[in-house]
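The values are calculated or read from the model by the stated rules, or taken from the named source; none is laboratory data. These figures come from a predicted structure and were not determined experimentally. When we count neighbours, we look across all protein chains shown, and the Cβ atoms used for this are built from the backbone with ideal geometry, even at glycine.
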Amino acid sequence: MKNMKTVKPLRLFFIRHGQTEHFDRPPFNGWRDAQLTDFGRSQLDQVAAGLAPVPFDAVYSSDLSRARYGGEQLAKATGLTLRQSPQWREISFGRWEGLTYPQIVEQDGDLINRIFSFEGAPVPFPEGESYDMFADRIRGAFAELRAQHPDGGRVALVAHSGVCKTLWGLLLNIPPHVAWRTVHQDFAAVNVADIYPELCVAHLVNGYLGPEGYHAAGPGFERLAGDKIFKAE
């Protein structure tokens, strides 16, 4: 037993961007650089303030502005340099980018029904990605991230709803199309998982630190920030 090596997990905090323009009638925002609302920025400001005590080793983000803003705020709060990459972008909706669901149904009703039915072979969004293609991209990006932190530690990623859903799918062995349907991600959602070589421990799914939720980091986040999952009081 004395020779057993203690494996430190990589604790990943992965966060969805804040509220975006036209959120009440949302268009398909994949690679389209949709802008944050003032409220969306305040959500990410609150997340950065709430997570500032966590001893992060690195902060990553998508290169799209709605996610990059959150990464910049968190990097600033923790004294780190933001590492941004297009690999962490949302799924590409191809020529449906910027269109609302009713507009797409009017133009391509049969096709969108096939894609959203999740039956048979994966169907890509026209001129875009399929769920499986997207999952392959996120799998590659995640492998690169893990390679940067072979000794574990704490890492933050600010990205998109589909990225967060797909990460949960990869971590918990849930098929991409199932994760897309069953994992909910609100604006500014915070997720936390400990990742071991052969195991993932989920700590938090779709948590919230924004101005309509917790106004400061509660004891749950203080525990996650420490060296142990639970501290003895």
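Taken over segment 97-118, the criterion of being hydrophobic (A, V, I, L, M, F, W, C) and within 20 Å of Ala34 (Cβ to Cβ) is satisfied by Leu99, Ile104, Ile112.
One line per residue, one yes/no per condition, for (1) part of a loop (DSSP other than H, G, I, E, B); (2) within 24 Å of Val47 (Cα to Cα); (3) touching an Asp or Glu at 6+ places or on another chain (Cβ under 8 Å):
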| position | (1), (2), (3) |
| --- | --- |
| Ala143 | no, no, no |
| Val155 | no, yes, yes |
| Val158 | no, yes, no |
| Thr166 | no, yes, no |
| Gly169 | no, yes, no |
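Taking the numbered list (1) over 24 Å from Ile91 (Cα atoms); (2) free of Cβ contacts under 8 Å to residues at least 60 places away in the same chain; (3) in a loop (DSSP other than H, G, I, E, B) in turn, Pro55 passes all entries but (2). Cβ separations smaller than 8 Å between residues 6+ apart or across chains give the following pairs from segment 184-213 residues that are modelled with pLDDT under 90 to residues that are surrounded by 22 or more Cβ atoms within 10 Å (Cβ to Cβ) and in a loop (DSSP other than H, G, I, E, B): Tyr208/Ala188; Leu209/Ala188; Gly210/Gly18; Gly210/Ala188.
Given the criteria outside any helix (DSSP H, G or I) and over 20 Å from Trp180 (Cα atoms), does Gln84 qualify?
Details: outside any helix (DSSP H, G or I): yes; over 20 Å from Trp180 (Cα atoms): yes.
So Gln84 fits the description; yes.
Among the residues of segment 37-67, those that are surrounded by fewer than 22 Cβ atoms within 10 Å (Cβ to Cβ) and within 30 Å of Asp108 (Cβ to Cβ) comprise Thr37, Asp63, Ser65.
With the condition kept exactly as written, say whether any residue in segment 113-123 is in a loop (DSSP other than H, G, I, E, B), of a type outside the set (Gly, Ala, Ser), surrounded by 15 or more Cβ atoms within 10 Å (Cβ to Cβ) and out of contact with any Phe, Trp or Tyr (no Cβ under 7 Å at 6 or more places or on another chain).
Quick first cut of segment 113-123, residues in a loop (DSSP other than H, G, I, E, B) only: 118-123.
Of the ones still in play, those that are also of a type outside the set (Gly, Ala, Ser) are 118-119, 122-123.
Applying the additional criterion that residues be surrounded by 15 or more Cβ atoms within 10 Å (Cβ to Cβ) yields 118, 122-123.
Filter once more, so that each one left must be out of contact with any Phe, Trp or Tyr (no Cβ under 7 Å at 6 or more places or on another chain): 118, 123.
Checked against the condition, which is being in a loop (DSSP other than H, G, I, E, B), of a type outside the set (Gly, Ala, Ser), surrounded by 15 or more Cβ atoms within 10 Å (Cβ to Cβ) and out of contact with any Phe, Trp or Tyr (no Cβ under 7 Å at 6 or more places or on another chain), segment 113-123 yields at least one hit.
Whether any residue in segment 76-85 is out of contact with any Ser or Thr (no Cβ under 9 Å at 6 or more places or on another chain), closer than 30 Å to Gly152 by Cα, in contact (Cβ under 8 Å) with a residue 40 or more places away in the chain and among the aliphatic types (A, V, I, L, M) is what I want to check. No.
Identify the residue in segment 8-32 that is in a strand (DSSP E or B) and more than 30 Å from Tyr196 (Cα to Cα) and, among all such residues, is farthest from the chain's Cα centre (by Cα).
Within segment 8-32, the first condition is being in a strand (DSSP E or B), and the residues that meet it are 10-16, 20, 27.
Subsequent filtering for residues that are more than 30 Å from Tyr196 (Cα to Cα) retains 20, 27.
Working: Thr20: 15, Pro27: 19 Å.
The residue in question is Pro27.
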